[in-house]
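The next block holds one structure in the form of structure tokens; read it before the comments.
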Amino acid sequence: MAVARKIKTLLTVNILVFVGIILFSVYCRIQDRSEELIQIGRISDQRLRARNGKVTNLVDRQSILQRLERLEDVVYNQLNGLAKPMGLVEGPGGLGQGGAAATLSEGDNHDGDGKYEEYGYNAQLSDRISLDRSIPDYRPKKCKQLTYPEDLPQISVVFIFVNEALSVILRSVHSVVNHTPAHLLKEIILVDDNSDSVELKFNLDQYVNKRYPGLVKIVRNSKREGLIRARIHGWNAATGAVVGFFDAHVEFNTGWAEPILTRVKEDHSRIILPAIDNIKYNTFEVQQYANAAHGYNWGLWCMYIIPPQDWLDKGDETAPIRTPAMIGCSFVVDREYFGEIGLLDPGMEVYGGENIELGMRVWQCGGSMEVLPCSRVAHIERTKKPYNNDIDYYAKRNALRAAEVWMDEYKSHVYMAWNIPMN
């Protein structure tokens with residue numbers, strides 16, 4: 001009986017141990033599964049929260065974008081509150097965007113001939129083109145890789161005008177503001193050489209005072225002084241260390257200022273000319289001009305010429321191009337140096353000759369003049385000059401004045417070119 005009892009006891013213990021092992025194994029599996037389910041639950045919860053967060057973020061982002069769009073509309077409408085009553089357009093897009101050729105519809109094209117006769121370009125079309133339009137970046141590719149010093153001098157930009165279309169003047173102003181770093185643009189000076197146009201009085205004053213308070217100054221000549229003396233009045237009003245003189249029918253390209261200011265900072269006796277591109281007078285299409293120097297013939301009439309051979313031999317399109325003279329529509333100079341060499345010749349009348357005379361003076365007095373391909377300005381080549389119909393008379397007079405002062409025995413060639421006796 002005792003043996004049977006022991007066997008029974010051992011069997012019971014073995015059974016209990018076996019059952020315990022099975023129960024423990026089941027428990028472990030349940031525990032692992034529970035943790036797995038908990039982990040899955042946590043991941044699901046995180047995904048759900050993330051999804052909800054994304055939805056919330058998306059809603060917030062859409063809300064912000066909607067607010068920004070409304071804000072942009074508010075700002076655009078506010079700005080056009082100045083331009084629209086004058087029949088002008090601000091902001092991106094529209095006719096002529098990107099420097100493309102533009103045309104008016106037949107309904108808008110009334111009185112087109114009168115505008116050409118008055119301004120020498122399609123002023124009616126200009127009024128329909130945004131003051132903020134973009135133009136093609138025609139700089140050589142290497143220009144975009146160049147870097148410039150941070151401590152460049154500030155520039156005062158002087159625009160000279162007489163009886164220009166208001167939209168053309170304001171596009172020049174918008175363009176220089178949009179394409180010049182704010183810390184480099186000291187001021188903009190508009191010199192009105194006694195214009196007859198009524199809209200160039202009150203409308204211009206009201207617009208620039210509200211649109212660019214404190215940045216734009218207007219100098220008004222009490223009598224018609226001519227291009228040369230008008231530029232001198234602009235220099236007198238300027239306070240920047242560097243002064244740029246431009247016609248008031250230009251558009252500035254990206255990065256135009258930094259390369260010029262760098263060259264002037266390196267040598268204050270340099271007079272710098274941006275490379276000129278063309279704005280077609282009839283469609284306002286912006287066309288690229290080849291890199292060129294500015295030369296002149298024996299009549300002292302300026303023209304584009306092939307760059308010097310040493311520049312061509314370098315094979316570097318970004319290098320400055322030494323030039324004997326300037327076309328005249330734009331140049332930049334150190335303000336103090338310009339005063340030291342006597343500014344422009346105030347004895348020249350109305351128009352022409354000063355661009356050749358300045359080149360002669362600078363080169364013969366130890367300075368230099370150069371074109372910078374990395375600085376580009378587009379310019380309207382008008383079909384008529386703004387002052388009067390007797391431009392040839394003043395061009396001859398001013399050319400002979402420059403020859404008498406600077407050309408010594410070679411001045412006879414200028415008299416011969418104009419078919420004028422030496423006596």
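Could you check the stretch 326-348 and list, in sequence order, the residues that are of a type in the set (Ser, Thr, Tyr) and outside any helix (DSSP H, G or I)? Quick ask: steps written out before the conclusion?
Of the residues in the stretch 326-348, the ones of a type in the set (Ser, Thr, Tyr) are 330, 337.
Passing the criteria: only 330.
Within the stretch 143-172, restricting attention to residues that are under 20 Å from residue 284 (Cα atoms) and among the charged types (D, E, K, R), which residue is farthest from the chain's Cα centre (by Cα)?
Going through the qualifying residues, I end up with 164.
Spot the failing condition for residue 206; the list is (1) modelled with pLDDT of 95 or more; (2) touching a helix residue (DSSP H, G or I) at 6+ places or on another chain (Cβ under 9 Å), and only one is missed.
In the conditions (1) modelled with pLDDT of 95 or more; (2) touching a helix residue (DSSP H, G or I) at 6+ places or on another chain (Cβ under 9 Å), residue 206 misses (1) alone.
In the stretch 304-348, which residue that is more than 26 Å from the chain's Cα centre (by Cα) and crowded, with 20+ Cβ neighbours inside 10 Å is nearest to residue 293 (Cα to Cα)?
Top of the filtered list is 311.
Would you mind stating whether residue 352 is in a loop (DSSP other than H, G, I, E, B), of a type in the set (Gly, Ala, Ser) and surrounded by fewer than 24 Cβ atoms within 10 Å (Cβ to Cβ)?
Details: in a loop (DSSP other than H, G, I, E, B): yes; of a type in the set (Gly, Ala, Ser): yes; surrounded by fewer than 24 Cβ atoms within 10 Å (Cβ to Cβ): no.
So residue 352 does not fit the description; no.
Is it true that some residue in the stretch 382-401 is of a type in the set (Gly, Ala, Ser), closer than 29 Å to residue 241 by Cα and under 34 Å from the mean Cα position of the chain (by Cα)?
At the first step, the residues of the stretch 382-401 found to be of a type in the set (Gly, Ala, Ser) are 395, 399.
In the following step, the residues that additionally are closer than 29 Å to residue 241 by Cα were identified as none.
Among the residues of the stretch 382-401, not one is of a type in the set (Gly, Ala, Ser), closer than 29 Å to residue 241 by Cα and under 34 Å from the mean Cα position of the chain (by Cα), which makes the answer no.
The values are calculated or read from the model by the stated rules, or taken from the named source; none is laboratory data. Not measured: the values here are computed from a predicted model. Here the Cβ is made from the backbone with ideal geometry for all residues, glycine too, and neighbour counts use every protein chain on show.
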